[in-house]
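Following: one structure in structure tokens, then a few remarks.
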Amino acid sequence: MTGEQPAVVVRDVRKSYGELKAVNGVSFTVAEGEFFGILGPNGAGKTTTLEIIEGLRRPDSGEVRLLGESPWPRNVKLLPRIGVQLQASSFFEKLTAEEQLRTFGSLYGVSAGTAADMLELVGLADKANERENRLSGGQRQRLSIACALVHDPDVVFLDEPTAALDPQARRNLWDVLRAIRDRGKTIVYTTHHLDEAEVLCDRVAIMDRGEVLALDPPAVLVRGLDAPTHVTLQKGVLPVAEASALDGVEEAHEDEVSLTISTRRPAPVLSALAERGALDGLQVRTGTLEDVFLGLTGREYRA
Amino acid sequence: MTAFRTLSLAMFKGFVRDKATLFFTFLFPLMFLVIFGLVLSDGAADRTKVAVVGDGPIVSALRDSGALELEPHHDEDAAVRKVRDGDLPAAVIVRGQRLEVRFAQSDQVEAATVVGIVNGFVDKANLAATGQPPRYAFAAEKVEDAALKPIQYLTPGILSWGVAVSAVFGSALTLVSWRRKQVLRRIRLAPVSATSVLSSRLLVSAGVALVQGAIFVGIAALPLFGLTLSGQWWLAIPLLLLGTIAFFALGMLVGAFAKTEESASAAANIVVLPMAFLSGTFFPVDRAPAWLQAVSQAFPLRHMNDGMVDVLVRGKGVEALLVPASVLTGFTLVVAVLASRVFKWEE
């Protein structure tokens, strides 16, 4: 976050579709080299916000600066400096992975050699000659990210890159995203996987119903939540009454399989448990972004 | 320029790797050409066939002349039954010196043909029997008339139709599928003009049209079908290209309205099929009623077709291209302006 000039500035942007206020006064700034996440459930306004920044839609009001310029109307000077990953099927018909990259690259005047580099980066080097429609969902997703990066843009926009992927493919993609970040790119991405944003992002904006509810590094958001830590043990290792009496315990309850203790001072609780030799099945869960979302909206988070 | 080249190559590869498209571009029109070419081919099979009961000098003369095809019968009842059932237009029955013709009432033209031919042979035999030299001479000779052999109008017609179909479908389906799959959005986000994307797709369509022309004409020229090209057949090439551009523009218009590939394909069919039937693809328009001919003047395919017939088989020169080329160019301009007005980048 050293940049003299922020990569993205969004100031009080609004966009309505008829009665629906899709984006309702959103403001934030993304520094150069930052990994910025926009989180929220479906319909929160994430995609519309992203499309406005990319210059695909015109905001009803408010201002957007992308690398110091206005992205609307279509700003040809800006286009080579931004990379946009679209949904997993945005490919030319019947072309192989490498041909896709070469074709998209040619739109930017990029040499054919870059295509091979990009395949390497996203781990598809062995699929270069495979037709796009024969790739798995995760591979297609990685190819579409490679297509967004083929012209070496400064700012990369990814719209739900991990949606509809199985856990293994998601983890693979995280590595790709980290590799892009390590190349010094600014990444703006949307997701509805809160756990993922917690792992990847420098800062996150939590959106709901067209508004930004919170904006901070994930750890700061979670800490600020002042949510209790949940210590879970196997049922029967300790009676509920005894657990409730331990120093620092706020509440303890038991269900069919486990005993759950809530505390804001986990250190004395854990040492007391260790003294009693009651650590079977121990799990410690601190607050997460889902708790943050719950705290902000009063609703359970549902992707 | 490199974007244009790579895009053209990408779209060309996409085209040749799509088997369904290849079928509808090349084999499907070719099937029509082959089927109509064979069914409508005139010649020996066109002779009228009649039943014959009995034999004699007149029957032999008829047989030798080849004017009618004779189907010998032993039983008079069986021969007449064939006529009554509508299988044969007439039966010729020999009773010694007397020749009887029993003909079907339904087809007066064919019956008159048979009666006339048989009567002619009887008269000739009578004259020969008198030993008198004939006072009046009679000679018949073939004249090449303006009415064309079926293959001569089928080839230009089916070629125009095939080019129109592949250009309309090519542009309409590409546009709709790119919009749905957000390839259009991807292009809009790249520093490349819509014109170079469009023209690279158009280049592929133009190449396809030329290949269609070469294949259809090549096959129709086989001895089996017997197409004869006229001297200035190469004038068909500019016409093919103009037609491709016109129908490509029409496809863009269809693609601007259609939301899914299915609706684009249905809409393209609704536009192209009636136009094909009314523009002389499968039969010459001049055999149609006058009002229909007037209606067909409104279709660009009609003019492309007329131009094709003129330069491919009628041996006309560059002046025959004037009207078709003007109509196609005008059509292209109007439709392209319309299409660009209603064009949508996003769903």
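The values are calculated or read from the model by the stated rules, or taken from the named source; none is laboratory data. Treat the numbers as computed from the prediction; the structure is a model and nothing was measured. Cβ placement follows ideal geometry from the backbone for every residue including glycine, while neighbour counts extend to all protein chains displayed. Keep in mind that these areas ignore ligands, DNA and RNA; they rest on the heavy atoms of the full protein, side chains included. Shrake-Rupley method; radii C 1.70, N 1.55, O 1.52, S 1.80 Å.
Just a yes or no: is a residue in segment A:75-93 within 8 Å of chain B (Cβ to nearest Cβ) and at positive phi? No, segment A:75-93 contains no residue that is within 8 Å of chain B (Cβ to nearest Cβ) and at positive phi.
Farther than 23 Å from A:A31 by Cα, in contact with a helix residue (DSSP H, G or I) (Cβ under 8 Å, 6 or more places away or on another chain), touching a residue at least 40 places away in the same chain (Cβ under 8 Å) and among the hydroxyl-bearing types (S, T, Y): which single residue out of A:T191, A:T229 fits that description? That would be A:T229, the only listed residue that is farther than 23 Å from A:A31 by Cα, in contact with a helix residue (DSSP H, G or I) (Cβ under 8 Å, 6 or more places away or on another chain), touching a residue at least 40 places away in the same chain (Cβ under 8 Å) and among the hydroxyl-bearing types (S, T, Y). Scanning segment B:256-266 for residues that are more than 23 Å from the chain's Cα centre (by Cα) and either open to solvent by less than 40 Å² (accessible area, probe 1.4 Å) or charged (D, E, K, R) (or both) yields B:A256, B:A258, B:K259, B:E261, B:E262, B:A264. Quick check on B:V211: is it open to solvent by 50 Å² or more (accessible area, probe 1.4 Å) and in a helix (DSSP H, G or I)? Spelling it out, B:V211 is indeed open to solvent by 50 Å² or more (accessible area, probe 1.4 Å) and in a helix (DSSP H, G or I). Within segment B:170-185, residues that are assigned to a helix (DSSP H, G or I) reach partners that are among the aromatic types (F, W, Y) with beta carbons closer than 6 Å, at six or more positions or on different chains, in the pairs B:S171/B:F248; B:L184/B:W178; B:L184/B:W345.
Residues in segment B:216-239 include at least one that is touching a residue at least 40 places away in the same chain (Cβ under 8 Å) and closer than 23 Å to B:F4 by Cβ. Quick check on segment A:49-63. Is at least one of its residues assigned by TED's automatic domain parsing to the domain that holds A:M207, surrounded by fewer than 17 Cβ atoms within 10 Å (Cβ to Cβ) and within 23 Å of the chain's Cα centre (by Cα)? No, the conditions are met nowhere in segment A:49-63.
Per-residue answers, yes or no, for (1) among the polar types (S, T, N, Q); (2) touching a residue at least 40 places away in the same chain (Cβ under 8 Å); (3) in contact with a His (Cβ under 8 Å, 6 or more places away or on another chain):
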| site | (1), (2), (3) |
| --- | --- |
| B:T260 | yes, yes, no |
| B:P274 | no, no, no |
| B:A288 | no, no, no |
| B:V295 | no, no, no |
| B:M304 | no, yes, no |
| B:V313 | no, yes, no |
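Can you tell me which residue among B:A61, B:A20 is farther than 30 Å from A:G109 by Cβ, within 14 Å of another protein chain (Cβ to nearest Cβ), at pLDDT 85 or above and open to solvent by less than 70 Å² (accessible area, probe 1.4 Å)? Checking each option against the conditions leaves just B:A20.
Here B:S265 meets the list (1) within 14 Å of chain A (Cβ to nearest Cβ); (2) touching a residue at least 24 places away in the same chain (Cβ under 8 Å) almost entirely, failing just condition (1).
Take the conditions (1) buried (at least 19 other Cβ atoms within 10 Å of the Cβ); (2) within 16 Å of B:F331 (Cβ to Cβ); B:T281 misses just one of them, which is (2).
Residues that are in a loop (DSSP other than H, G, I, E, B) and either open to solvent by 60 Å² or more (accessible area, probe 1.4 Å) or under 18 Å from A:S90 (Cα atoms) (or both) within segment A:116-136 comprise A:V122, A:L124, A:A128, A:N129, A:E130, A:L135, A:S136, listed in sequence order. Quick one: would you say A:V26 is in contact (Cβ under 8 Å) with a residue 60 or more places away in the chain, open to solvent by less than 20 Å² (accessible area, probe 1.4 Å), out of contact with any Cys (no Cβ under 6 Å at 6 or more places or on another chain) and farther than 18 Å from A:D208 by Cα? Answer is no for this residue. Once segment B:322-334 is narrowed to residues that are surrounded by 21 or more Cβ atoms within 10 Å (Cβ to Cβ) and aliphatic (A, V, I, L, M), the residue that is nearest to B:G255 (Cα to Cα) is B:L328. With a requirement of 2 or more residues that are of a type in the set (S, T, Y) and under 30 Å from A:A214 (Cβ atoms), the strands (runs of 3 or more DSSP E) lying completely within segment A:235-303 that satisfy it span A:258-263.
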